[in-house]
Amino acid sequence: MSLSMYTISIPVLIRQLDNLSVLLDKGARHAEAKKFDPAVLVNARLAPDMFALGRQVQIATDNAKGAAARLAGVEIPKYEDTETSFDELQARIAKTIAFLRSIRPEQLEGSEERAVMVKTRAAELHFKGRDYLLNFALPNVFFHVTTTYAILRHNGVEIGKTDYLGGF
């Protein structure tokens with residue numbers, strides 16, 4: 001039995017975003033318990049030249065919705081990137097998960113060979129669907145979720161590997 005593009009994309013993306021939501025919830029609860037402004041965490045970064053936590057979440061959701069849309073051959077939902085709070089970031093994650101859940105397995109049939117183009121700041125990247133998913137989209141989502149985890153952990157939020165991986 002072979003793995004379908006749907007099986008290796010949509011459920012994986014949803015799981016990562018669900019786990020990201022748990023991480024953000026723990027970050028918000030940490031700020032509340034320690035009685036400091038949650039914006040401190042939303043704006044935290046690991047290094048001066050890195051994006052802050054809020055932008056990490058935006059990019060993770062952008063990559064997730066972009067992957068699903070490109071592989072399904074539908075328009076990518078546009079978000080304004082105006083989130084400045086945990087609640088707003090949670091709403092963005094929920095909106096992205098709802099979009100991912102709207103994608104049906106049959107929409108991804110044959111997408112492993114579909115031509116995919118991604119515009120970055122530096123270049124236009126061209127892929128076949130399978131290579132795009134496995135070598136660009138999923139690694140980007142994992143990277144930005146992991147970076148969000150690292151920012152929170154670095155700032156004292158009590159999270160661990162099981163929070164990142166989620167339940168089984």
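The values are calculated or read from the model by the stated rules, or taken from the named source; none is laboratory data. Because the structure is predicted, anything quoted here is derived from the model rather than measured. Cβ sites come from the backbone with ideal geometry, for glycine too, and all protein chains shown count toward neighbours. When the accessible area is computed, the model is the full protein with side chains, heavy atoms only, and any ligands, DNA or RNA have been set aside. Shrake-Rupley method; radii C 1.70, N 1.55, O 1.52, S 1.80 Å.
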(message) So Leu3 ticks every box in (1) of a type in the set (A, V, I, L, M, F, W, C); (2) closer than 19 Å to Ala137 by Cα; (3) modelled with pLDDT of 95 or more but one. Which box is left unticked?
(response) (3)
(request) Could you list, in sequence order, all residues of segment 3-49 that are small (Gly, Ala, Ser) and either assigned to a loop (DSSP other than H, G, I, E, B) or within 17 Å of Phe99 (Cα to Cα) (or both)? (result) Ser4, Ser9, Ser21, Ala44, Ala47
(request) Pull up segment 142-168, narrow it to residues that are of a type in the set (Ser, Thr, Tyr) and modelled with pLDDT under 95, then point me to the one that is farthest from Phe86 (Cα to Cα). (result) Thr162
(message) Checking the structure you have, find out if any residue of segment 25-48 is at pLDDT 95 or above, closer than 18 Å to Asn140 by Cβ and open to solvent by less than 10 Å² (accessible area, probe 1.4 Å).
(response) no
(message) Asn135 - would you say it is free of Cβ contacts under 8 Å to residues at least 12 places away in the same chain, of a type outside the set (Phe, Trp, Tyr) and closer than 15 Å to Ser9 by Cα?
(response) yes
(message) If I go through segment 105-123 residue by residue, how many of them are hydrophobic (A, V, I, L, M, F, W, C) and surrounded by 12 or more Cβ atoms within 10 Å (Cβ to Cβ)?
(response) 3
(request) Working carefully through the options Ser102, Ser85, find the one that is among the small types (Gly, Ala, Ser) and under 19 Å from Ala44 (Cα atoms). (result) Ser85
(request) Scan segment 102-146 residue by residue and report those that are part of a loop (DSSP other than H, G, I, E, B), in contact with a Leu (Cβ under 9 Å, 6 or more places away or on another chain) and under 26 Å from Arg55 (Cα atoms). (result) Ile103
(message) If I filter segment 70-85 for residues that are surrounded by fewer than 18 Cβ atoms within 10 Å (Cβ to Cβ) and either in contact (Cβ under 8 Å) with a residue 60 or more places away in the chain or in a helix (DSSP H, G or I) (or both), do I get at least one hit?
(response) no
